[in-house]
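Report on the following structure.
The values are calculated or read from the model by the stated rules, or taken from the named source; none is laboratory data. These numbers were taken from a predicted model, which means no experiment stands behind them. Cβ sites come from the backbone with ideal geometry, for glycine too, and all protein chains shown count toward neighbours. Areas reflect the complete protein model, heavy atoms only, side chains present, ligands, DNA and RNA absent. Shrake-Rupley method; radii C 1.70, N 1.55, O 1.52, S 1.80 Å.
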2 protein chains.
Amino acid sequence: MVTIYDIAAKANVSAMTVSRVINNTGKISDKTRAKVRKVMEELNYVPNHNARSLVLQQTRSIFLLITDITNPFYTTLARGAEDAARKSGYRLLFGNSDENLAKEVDYIQTILTTRVDGVLIAPAGDPSLPHLDTLKKHNVPFVLLDREVPGIECDIVLGDSKDGARRLVEHLISQGHKRIALVNGSSSVSSARLRLQGYQEALKLGGVECRDEYLFEAGFGPSHDPHGIKCWFDGLSEQPTAIMAGNNVLALAIIRLLHERGLKVPDDLSVVCFDDLGPFAEIDPFLTVAAQQAYQFGYLGIQLLIGRLAERETASPWNKIVLPADLLIRRSVKRLTPAD
Amino acid sequence: MVTIYDIAAKANVSAMTVSRVINNTGKISDKTRAKVRKVMEELNYVPNHNARSLVLQQTRSIFLLITDITNPFYTTLARGAEDAARKSGYRLLFGNSDENLAKEVDYIQTILTTRVDGVLIAPAGDPSLPHLDTLKKHNVPFVLLDREVPGIECDIVLGDSKDGARRLVEHLISQGHKRIALVNGSSSVSSARLRLQGYQEALKLGGVECRDEYLFEAGFGPSHDPHGIKCWFDGLSEQPTAIMAGNNVLALAIIRLLHERGLKVPDDLSVVCFDDLGPFAEIDPFLTVAAQQAYQFGYLGIQLLIGRLAERETASPWNKIVLPADLLIRRSVKRLTPAD
DNA sequence: TATGGTAATGTTATCGATAACATTTTAATT
DNA sequence: AATTAAAATGTTATCGATAACATTACCATA
């Protein structure tokens, strides 16, 4: 590999002069600058980022850790983060924890050891607390995305899960539904808890009974066992008329299940969920959802983080951005008549 | 940040001894090892990856550059690459070029400057040639994914685009279609060219006329202007009975267009495409597609690359893996009767 | 022509780790 | 107790860059 010393030797200057040309610092005569530039071209010089960040103590790169790279919510979020980082001249590195604490802790290690300047992270859940504490202990600035973690104070971009869930359920109630089930993510994930609250609130406000057997806790990730949902569904004493899914992945699992059981949506059962399904479900925009502004999550998250990096020691108060969800009413909810 | 020198000082040993404990090299007495380990824990030591790779001249990390992070084909591919890399103890970093040469060249720069050990890359197209030449010039091993680039010899994992396209079109012909259009990716992308060949071959074999006006070249990426497709479609002298899309993103654009024009699939027009639409379209598996083994692209790509890294100087012949596509017949093709 | 200030360039130390070689301990053998 | 090999640890140089300080070159002014 070509180093600044190779350049220096060939251009008959010192390494420091080459460094100055590269970084446009200090005073350099036009003649030397041209000479050095020419040699750099000839030798195809590329600076060694590792060496540079070793001495500079910063990398100008940000790590984005998401929990599910196959979920359009997160990929869209990633696009937003990428655009924002690019605009500010930061390199963005991605990681995918797969909703898995072991993978998450691995990535935390990567983050620490590569000395990135900051981190955007969608935590796997409340048990991510020690991981985030580790980041704090090592003084790595981070912004949480999509999920709060009790015990951690930091900048954060959230969706209004409670409100979104409430509106979904209100919609179901307005269509005459009274037996409404919730298949949710793990209660160790803050957004799942809030969606449950929204669900309960809506039932209460609507004067609808909240039955325990209509609550089922699965996981938000795609690798979570769908068997549990089936057992739950098959064991119900009375079938609900509508199911709300805690996120898009769960909605998928539910619809698969209903399909296996020969039940049609919405004729036999209505389904709604949090999060839209992304462009590839657009062929037939069928599911009624609370769609989040995924792109904004990433874009604003990067902005918060870069702001934090810029001020560094000044301890301005933590920012908390809450993005509303859009209720998109489509065709997966049946209007029930009193007869139903 | 805590360094091995801090550890060394506190444990009353030399930095080298600490390094030996960390890397499990050389001979260390159990007593010192325990002592050093304890201090490392106390101080929350994390090795500095930049410093290490500076002296080791390797990073044990691989870069995966994909062209569309919102496309389930690539995200699934990424999952495969992630799993394979993880299994071999390599760190995987992602980048998203967005089918955009400018972003691609930026990432090439990142790749070179961070001195990753190797690269998995889905090139934006034939114009990526200079980018790949740069990698070659700098001796960075890489594996191409999904697309060949004329002028580049290297390990590669491809899908059987020609065969897949042929089978899609044969299926259309078998259903009585004779006016079959192809909306394809840019002809500067090898897979698009092969899909065109497969299309033409099938028409020929089926004794169906190949009309120029039934060929339209758009782009594979989601940011490509859909306006072009509309103009093309609206300007046709005779409407086709079926359209084949060069990939899933184009299929989406076509279906959107038909929807706007009030045409129903498959009643008014049949549609098929290359690549499946991912799990989020599974709610209603509607589109007939040639599905590729996306996960395998990533998984095998990493395996090829790591094999190459292991041998290093031995110049074994280039590997070329061609993965077949599965024809999934669903409901987006209408069976035409002679009357149609 | 000497003088001083600025422009241009160079030298040395440093970032945090490891390789290569050097030295000291330790324990076994005579 | 002397000898010696192996085990354990230490020293120094190095990776590729930049910061901080040092020096030289150059030009304008007195």
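At-a-glance table
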{"quantity": "Scan of the stretch A:234-253 for residues that are open to solvent by 10 Å² or more (accessible area, probe 1.4 Å), more than 25 Å from the chain's Cα centre (by Cα) and of a type in the set (A, V, I, L, M, F, W, C), ordered by number", "calculated": "A:LEU236"}
{"quantity": "Residue count for the stretch A:15-39, restricted to those that are under 22 Å from A:SER53 (Cβ atoms) and either more than 8 Å from DNA strand D (Cβ to nearest atom) or away from chain B (no Cβ under 14 Å) (or both)", "calculated": "10"}
{"quantity": "Flag if B:ILE229 is free of Cβ contacts under 8 Å to residues at least 60 places away in the same chain, more than 18 Å from B:ARG167 (Cβ to Cβ), open to solvent by less than 30 Å² (accessible area, probe 1.4 Å) and not assigned by TED's automatic domain parsing to the domain that holds B:ASP146", "calculated": "yes"}
{"quantity": "Filtered residue count, the stretch B:142-155, keeping only those that are touching a strand residue (DSSP E or B) at 6+ places or on another chain (Cβ under 7 Å) and buried (at least 22 other Cβ atoms within 10 Å of the Cβ)", "calculated": "6"}
{"quantity": "Restricting the stretch B:1-38 to residues that are under 29 Å from A:ASP117 (Cβ atoms), over 42 Å from the mean Cα position of the chain (by Cα) and within 11 Å of DNA strand C (Cβ to nearest atom), the residue that is most open to solvent (accessible area, probe 1.4 Å)", "calculated": "B:TYR5"}
{"quantity": "Failed condition for A:ILE69, given (1) modelled with pLDDT of 95 or more; (2) closer than 30 Å to A:SER186 by Cα", "calculated": "(1)"}
{"quantity": "Selection within the stretch B:116-133 - open to solvent by less than 40 Å² (accessible area, probe 1.4 Å), over 17 Å from B:GLY301 (Cα atoms) and either hydroxyl-bearing (Ser, Thr, Tyr) or within 14 Å of chain A (Cβ to nearest Cβ) (or both)", "calculated": "B:SER128, B:HIS131"}
{"quantity": "Residue match in the stretch A:79-100 (condition: within 9 Å of chain B (Cβ to nearest Cβ) and more than 25 Å from B:THR67 (Cβ to Cβ))", "calculated": "no"}
{"quantity": "Among residues of the stretch B:39-67, those that are near DNA strand C (Cβ under 10 Å from one of its atoms) and in contact (Cβ under 8 Å) with a residue 60 or more places away in the chain, counted", "calculated": "1"}
{"quantity": "Residue in the stretch A:255-305 that is farthest from B:LEU287 (Cα to Cα), counting only those that are away from chain B (no Cβ under 14 Å), within 23 Å of the chain's Cα centre (by Cα) and small (Gly, Ala, Ser)", "calculated": "A:GLY301"}
{"quantity": "Among (1) open to solvent by 30 Å² or more (accessible area, probe 1.4 Å); (2) modelled with pLDDT of 95 or more; (3) within 13 Å of chain A (Cβ to nearest Cβ); (4) within 41 Å of the chain's Cα centre (by Cα), the one test that B:SER53 misses", "calculated": "(1)"}
{"quantity": "Given (1) within 8 Å of chain B (Cβ to nearest Cβ); (2) open to solvent by less than 30 Å² (accessible area, probe 1.4 Å); (3) under 30 Å from B:ILE22 (Cβ atoms), index of the condition A:PRO72 fails", "calculated": "(3)"}
{"quantity": "Residue among A:ALA202, A:ALA251 that is without any contact (Cβ under 8 Å) to a residue 40 or more places away in the chain, out of contact with any helix residue (DSSP H, G or I) (no Cβ under 7 Å at 6 or more places or on another chain), in a helix (DSSP H, G or I) and not assigned by TED's automatic domain parsing to the domain that holds A:PRO123", "calculated": "A:ALA251"}
